[in-house]
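These notes concern the structure reproduced below.
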Amino acid sequence: MQLRSLIQLTASVGAIGLLDRVVAVGLGIIFARWLGPDEFGTYAFVVTAIALLCIPAKLGIPELLTRDIAAARGGAEPLALAGSIVKGFAIVGIAAIAIVAVGQLVLQFTADTPISRLMRIGLWMVIPSAFFEVAAGIIRGFGRTIAFQLYGSVLLSGATLGIGASAMILLDQYTARIAIETRFAAFTLLLMTCCVHLILILRRLSSADGGRILGTGEILSTGSRFMFNSVINMALMRVDLLVLGILATEKAVGLYRVAAEGGLLVAFGYTAVTTVLTPEYARMHKAGDREQLQKTVRHATWLILLIGGLIALPLIFGSHLVIGLVFGESYTPASFALSIIAAGYLVSFLFGDPIYILNMTGHHDRVTLLVAISLVVSLVLCLVLIPSLGGTGAAIAASVALICYRYLACRAVYRWLGVNCAVFGGMVSFGKACGGRA
């Protein structure tokens, strides 16, 4: 992909992402203010736990279908789209129902707490969430990047905010339970919309029924590896909040969730660029266009760092002011954690976008070890730092683990693909550096 095209498409996706961040932050502000630190902490813990449970329900199939559909666009081997998609949905449906059933059974034997009561309701969110991720992943594989970004970001956040705020005002009840129930409704609404769009796409494709259908064994084998990577990757991204919830209080979780939400603003540019380029990595690798892959990766790295720096610096040095103005004075104890998280994201951007490159070029198995190492680092640091530092300790643990993860992945991309995706170092000459790799 040429730099101009990358910038134009990233700008379009970025505009959507910026709108999503505005809506998502608005959602966080309203829920945080209306629910209070304790209820908001319970809501945040349950949402995080459900997100983890959705990963085994999806079985890595959204990533698998994104990769294979995108690769089919750049290769000579046709793929029977309709048959492969139906099979993927069927497998995910069985897995999601099984996880909900097992989860409900386990909860019958747990202590009766606000979190366990809310988990009984939230578990049902696994089903529409898993189906929604599959449908969105398929649309992404077809190259509908902007549509994928809309579904997975601003529309989901907007639906959650609109339905949640309306329900709380109409019922005059401001509880974590209503927040979870409205999030379930938002996922269901977006799933139906996404499926209609997918059907329209398939109807316009004459080759939807021709070619090879992905085998069940192939889906389960490759998808399970994507799934395992996603599980430990999500654990890496959420272990700080989960350990904080176990070792501290619901209020501490609520405060830290505010810092984490603010930190996600720094990742806005990273998300926009990777949303555009993830299927392109698979296409260029399948086509053997290594020179273009190197150029695209380097352009992406500088774009990620530039956008991230513009957002991170104000949050690093003005976090107390930002949190006080946006969330209220009761949340300002989270300001130092926000500064640490923002700084961690910014340093990690020095290593570019190595994770998606490995996943989309057939090296997803190598991601597993890297995530596992980083997860251990994060868990150990959380257990050591959280008892004495609380949310600040969680922020330090998360930031160190994220930097470690991206650094190790950057080294793996260079070793196995001969692509340098870091800011430092020169462009790779493929004739000399990677003639026999990948």
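Details
- Qualifying residues in the stretch 240-271 (those that are open to solvent by 30 Å² or more (accessible area, probe 1.4 Å) and in a loop (DSSP other than H, G, I, E, B)) - the one farthest from ILE386 (Cα to Cα): THR249
The rows are residues; the columns are (1) open to solvent by less than 50 Å² (accessible area, probe 1.4 Å); (2) of a type outside the set (S, T, N, Q); (3) out of contact with any strand residue (DSSP E or B) (no Cβ under 8 Å at 6 or more places or on another chain); (4) at pLDDT 90 or above.
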{"residue": "TYR331", "(1), (2), (3), (4)": "yes, yes, yes, no"}
{"residue": "ILE341", "(1), (2), (3), (4)": "yes, yes, yes, yes"}
{"residue": "SER348", "(1), (2), (3), (4)": "yes, no, yes, yes"}
{"residue": "VAL377", "(1), (2), (3), (4)": "yes, yes, yes, yes"}
{"residue": "THR392", "(1), (2), (3), (4)": "yes, no, yes, yes"}
{"residue": "ALA397", "(1), (2), (3), (4)": "yes, yes, yes, yes"}
{"residue": "TYR407", "(1), (2), (3), (4)": "no, yes, yes, yes"}
{"residue": "GLY435", "(1), (2), (3), (4)": "no, yes, yes, no"}
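- Within the stretch 273-308, considering residues that are touching a Gly at 6+ places or on another chain (Cβ under 9 Å) and small (Gly, Ala, Ser), the one nearest to ILE340 (Cα to Cα): GLY308
- Qualifying residue in the stretch 345-358 (condition: over 30 Å from ALA71 (Cβ atoms), among the aliphatic types (A, V, I, L, M) and part of a helix (DSSP H, G or I)): yes
- Within the stretch 51-100, the set of residues being modelled with pLDDT of 85 or more and either of a type in the set (Val, Ile, Thr) or surrounded by fewer than 16 Cβ atoms within 10 Å (Cβ to Cβ) (or both) comprises ALA90, ILE91, VAL92, GLY93, ILE94, ILE97, ALA98, ILE99, VAL100.
- Within the stretch 390-403, residues that are part of a helix (DSSP H, G or I) have Cβ atoms under 9 Å from residues that are surrounded by 24 or more Cβ atoms within 10 Å (Cβ to Cβ) and among the charged types (D, E, K, R) in these pairs: GLY391/ASP240; GLY393/ASP240; ALA394/ASP240; ALA395/ASP240; ALA397/ASP240; ALA398/ASP240; ALA401/ASP240, counting only partners at least 6 apart in sequence or on another chain.
- Among the residues of the stretch 116-141, those that are open to solvent by less than 20 Å² (accessible area, probe 1.4 Å) and either without any contact (Cβ under 8 Å) to a residue 12 or more places away in the chain or among the aromatic types (Phe, Trp, Tyr) (or both) comprise SER116, PHE132.
The values are calculated or read from the model by the stated rules, or taken from the named source; none is laboratory data. Keep in mind the model is a prediction, meaning the values are calculated, not measured. A quick note on method: Cβ atoms are made from the backbone with ideal geometry, for glycine too, and the neighbour counts reach across all protein chains shown. When the accessible area is computed, the model is the full protein with side chains, heavy atoms only, and any ligands, DNA or RNA have been set aside. Shrake-Rupley method; radii C 1.70, N 1.55, O 1.52, S 1.80 Å.
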